[in-house]
1. With each label point set 7 Å from Cα along the Cα-Cβ vector, what nm distance links K29 and L84?
2. Can you work out the Karplus-derived ³J(HN,Hα) for every residue in region 24-31? Use 6.51 cos²θ - 1.76 cosθ + 1.60 with θ = phi - 60°, whole Hz, and x for glycine or proline.
Amino acid sequence: MPPVSLQKKGRANKEPDFLISYKTTKGFKWAILEVDGFYHTPKRRAEEQERERDFERNGVRIYRFDSKKCYREPNKVVDEFLELLKIKINIYFIYFFLNKVQQNRLLTN
């Protein structure tokens, strides 16, 4: 069960689009890849900023990408995300991300 601070009003759940855990020399770190689309209205964005503060207070960095770029260039988005993290993670995440983008594309068409 997520902390109470992540169970606030608005979005039915406070889970991120992609939550990534990776091992560093100092232990594990976490990062979030968020895909922003047309549904990110100003009101929704304000709610998400509140959610982001909850994650960032707990050391989880959030990286946002435009949904159009994710659909058109998913490999570039993953490369940029990994470059931002300065890590290499296993191919499973990349496969999972590409699958999720394809599923979303099918749902929106």
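Bear in mind these aren't lab numbers, they're just calculated from the coordinates by the rules spelled out. Remember, it's a predicted structure, so these values are computed and weren't measured experimentally. Here Cβ is always computed from backbone atoms with ideal geometry, including for glycine, and neighbour counts include all displayed protein chains.
1. Inter-label distance under the simple model: 1.3 nm.
2. Taking θ as phi minus 60°, the curve returns 10, 5, 9, x, 8, 10, 10, 8 Hz for region 24-31.
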